[in-house]
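Here is the structure we will look at.
The values are calculated or read from the model by the stated rules, or taken from the named source; none is laboratory data. Just so it is clear, the structure is predicted and the values come from calculations on it, not from any experiment. All Cβ positions, even for glycine, are placed from backbone atoms using ideal geometry, and neighbour counts span all protein chains on display. With ligands, DNA and RNA removed, areas are computed over all heavy atoms of the protein, side chains included. Shrake-Rupley method; radii C 1.70, N 1.55, O 1.52, S 1.80 Å.
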Amino acid sequence: MASDSEPAPASHSDQTFDVLVIGAGIIGLSIARQFLIGSDLSVAVIDKAVPCSGATGAGQGYIWMASKTVGSEGWELALRSQKLWEELAESLKDQGLDPLQLLGWKKTGSLLVGRTPEESDKLKRMVKQQCEAGLRAEYLSASDLHVKEPELMVDKDAGAAFLPDDSQLNARRAAEFLEKGNRHYSSKGRYAEFYNDPVISLLRSGGSGEVEAIKTSRNILHSKKAIVVAAGCWSGSLMSDLLRESEIVLDIPMKPRKGHLLVLENFNSFQLNHGLMEAGYIDHHHTAVPLPSLSTSGLLDDHDGQALSLSMTATMDTMGNIVLGSSRQFAGFCTEVEESIVNRIWERVGEFFPKLKEKPLSDFSKSREVRVGLRPYVPNGKPVIGPVPGLANVFLATGHEGEGLTMALGTAEMLVDMVLGNPQKADSAPFAVHGRF
């Protein structure tokens, strides 16, 4: 049998599991984990590549409520998921383990920064609502903000919403932790991985019409309980391909939303005490504001009137790297680095942190990394979680856009409770597939 540091064995043949999870990003791995710890079912995770090869590995790694709207349809799920991440971190501490080392988890708190009187007024109202909803939140004036973040430069009209309980994770470490935990169940015959093995088709029963198996490039995997599609921005096109020859029509209007992050490694001359995000990020999450000074129109897909948007985000990871962003654009499935966008991120962040302007970005050519990921975008910003109409044993868990890490554990709990028939901990109705598309 494989050890917990090696992939579980997967021979090239017919195999049967209770649950098949398609997608080995943070959502898929979390769902597999929840089935394994919350039931006695066996689980297989299938991916066309390897973990963290999609949006998970390219993310900034924050678990923030600062950018969430109290009472919105995703509020309960985000709040529940944040609580589950905190409980996981605390459980590791109780075992004498270090969540900082294992997950890159640290409670840095977050600052949502407004630079205009209008943004500051909006943040004051937001803080009031968050406090009334039971969160610890505080509005900071420009002078208070400078005390929290001395490197940040804002004028007297600026302010920020400060949420001290928001935290950061290293998404790659978190995925590795989940994967390693899942692999403990391999020796019990309850877990296996099928990586670099794309799903080709669904195999349906001639009697009930239920999907009884999936065919991959190398295997036929049978499911006795459920099949979960958690393939990020590929979920929509994958479902279209899998249902092409069936009578079921399911058109999920999902698009990949490309994002760039700039990582400066071992950036010792600059210190961030919290995670930061400019207030405009919230608006850009669901809409895209054109940046006319950024001349990349030949590279952008202006589908549905959506253009490039860019907002300042800044975090410092556990290794002392500063992570700066972020951009949003519709450019198909292209993951090529666009230097013009990287330069614009640098310029935008420099407006908030003048110290960064002391050196040109070219000086960091040997100590920088650019992460490019494709967020699974669905119109109206709500993820899709629930059974596929007409296929009672096939479930979707996708469309989290830039909030997959934040909502991963809550999504996993919600999906597994659906499959097992358990009471829901958060309202799942807003995310249902039925009647939405």
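Surface calculation, 1.4 Å probe, protein heavy atoms: residue 215 sits at approximately 90 Å² accessible.
When the charge dipole of the chain is built from unit charges on Cβ atoms (+1 for Lys and Arg, -1 for Asp and Glu) and taken about the Cα centre, the candidate among 324, 52, 65 whose Cα reaches farthest toward its positive end is 52. Accessible surface computed residue by residue for the chain, with neighbouring protein chains in place and a 1.4 Å probe, gives 41 Å² per residue. Within the shell of other residues whose beta carbon sits under 15 angstrom from the beta carbon of residue 23, the net charge comes to -2, with Lys and Arg scored +1 and Asp and Glu -1. Could you list, in their original order, any pairs among 68/128; 382/425; 255/425; 148/366; 83/124 whose Cα atoms are separated by more than 20 Å? Violating the 20 Å Cα-Cα cut-off are 255/425; 148/366; 83/124. Sorting 317, 98 on solvent-accessible area from highest to lowest, probe radius 1.4 Å, gives 98, 317. Axis angle, to the nearest 10 degrees, between helix 117-132 and the longest C-alpha principal axis of the chain: 50 degrees.
Nonpolar atom fraction for the stretch 1-121, defined as the carbon and sulfur part of the 1.4 Å probe accessible area, stands at 49 percent. To the nearest 10, the accessible area of residue 188 is 140 Å² with a 1.4 Å probe. Near the amide H of residue 73, within less than 5 Å, lie no amide hydrogens of residues on another chain or at least 5 residues away, with H placed in the peptide plane. When nucleic acids and ligands are ignored and a 1.4 Å probe is applied, residue 364 ends up with an accessible area of around 20 Å². Computed from backbone phi, the HN-Hα couplings of the stretch 166-180 come to 5, 9, 10, 10, 8, 4, 5, 5, 4, 5, 5, 5, 5, 4, 4 Hz, rounded to whole numbers (Karplus: 6.51 cos²θ - 1.76 cosθ + 1.60, θ = phi - 60°; Gly and Pro given as x). For residue 40, the shell of other residues with beta-carbons less than 14 Å away shows a net charge of +3, using +1 for Lys and Arg and -1 for Asp and Glu. When all protein chains stay in place and ligands, DNA and RNA are ignored, the 1.4 Å accessible-area order of 398, 56, 16, largest first, is 16, 56, 398.
Within the shell defined by Cβ-Cβ distances under 11 Å, the residues around residue 382 carry a net charge of -2, with Lys and Arg each +1 and Asp and Glu each -1. Taking θ as phi - 60° and the Karplus parameters 6.51, -1.76 and 1.60, the scalar couplings of the stretch 215-232 work out to 9, 10, 5, 10, 9, 10, 10, 8, 10, 9, 10, 7, 10, 10, 9, 10, 9, x Hz in sequence order, x denoting glycine and proline. Scanning residues 5 or more positions from residue 135 or on other chains, none has an amide H under 5 Å from its amide H, with H placed 1.01 Å from N in the peptide plane. Of the GluC sites (Glu not before Pro) found in the stretch 49-109, the ones in coil according to DSSP and having at most 15 other Cβ atoms within 10 Å of their Cβ are 73. Residue-wise HN-Hα couplings along the stretch 357-371, as the Karplus relation 6.51 cos²θ - 1.76 cosθ + 1.60 with θ = phi - 60° gives them from phi, are 7, 5, 10, x, 4, 4, 5, 9, 4, 9, 9, 10, 9, 10, 9 Hz; Gly and Pro carry x. Per-atom-type breakdown for the stretch 334-437 gives carbon and sulfur 49% of the accessible area (1.4 Å probe, protein chains only).
Which value, in debye to the nearest 20, gives the size of the charge dipole of the stretch 51-191 about its Cα centre, when Lys and Arg are +1 and Asp and Glu are -1 at the Cβ? About 580 debye. Hey, how many Å between the Cα centroid of the stretch 383-436 and the Cα centroid of the stretch 131-181? Centre-to-centre distance over Cα atoms comes out at 28 Å.
Ordered by 1.4 Å accessible area with all protein chains kept, 116, 313 run largest first as 116, 313.
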